[in-house]
Amino acid sequence: MSELTKVRQWGSEAETPKRAVLPAMLNGALGKCPHCGKGHIFQGYLGTRPACEECGEELYHHRADDLPAYLNIFITGHVVVGLMLMIMTMGDLPMWPMTFATAFVALAFAGLVMRPLKGATIGAQWALAMHGFGGHDD
Ligand SMILES: [Zn+2]
């Protein structure tokens, strides 16, 4: 990661280290720092630390905003609709248990994937030097 390259960042060019996107996203999805992979990016469920406790990488630059929620809706919707269609092919079941079961599955699944999606988003933003991660003001 010592190789320097010119990266176009929102209309300006600056020297930033070249960063691999997929490992950073994987580290973020696991709740680890996208830079060192050892420290943690979350405090609490979805709150982010201002900086990594291991390497000191500043994490407050992230602007994950609504992207993890949009991805969550997209993924959870496909899983739940697929589950509903599978259950419907099993026979003529009453509507109310299927409604409660799929609502529970949707809430549980959405809660399970939200944190990894936010971490992966932060990892991607870090690797692409977005929003101040490249050493420039946003
Ligand atoms: Zn770190």
Search result, residues across region 30-41 that are touching a strand residue (DSSP E or B) at 6+ places or on another chain (Cβ under 6 Å) and either more than 10 Å from the ligand (Cβ to nearest atom) or among the hydroxyl-bearing types (S, T, Y) (or both): G31
Selected residue [part of a loop (DSSP other than H, G, I, E, B), more than 13 Å from the ligand (Cβ to nearest atom) and small (G, A, S)] from G82, G91: G91
Any chance P97 is of a type outside the set (A, V, I, L, M, F, W, C), assigned to a helix (DSSP H, G or I) and either at positive phi or more than 11 Å from the chain's Cα centre (by Cα) (or both): yes
Candidates M114, M130 - the one that is at negative phi, outside any helix (DSSP H, G or I) and touching a residue at least 40 places away in the same chain (Cβ under 8 Å): M130
Region 56-74, residues that are without any contact (Cβ under 8 Å) to a residue 40 or more places away in the chain and more than 16 Å from the ligand (Cβ to nearest atom): D65, D66, Y70, I73, F74
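Taken together, the values in this text are just the output of simple stated rules run on the coordinates, not laboratory data. Quick caveat: nothing in here was measured; it's all calculated off a predicted structure. Don't worry about glycine lacking a Cβ; one is built from the backbone with ideal geometry, like all the others, and counts go over all protein chains shown.
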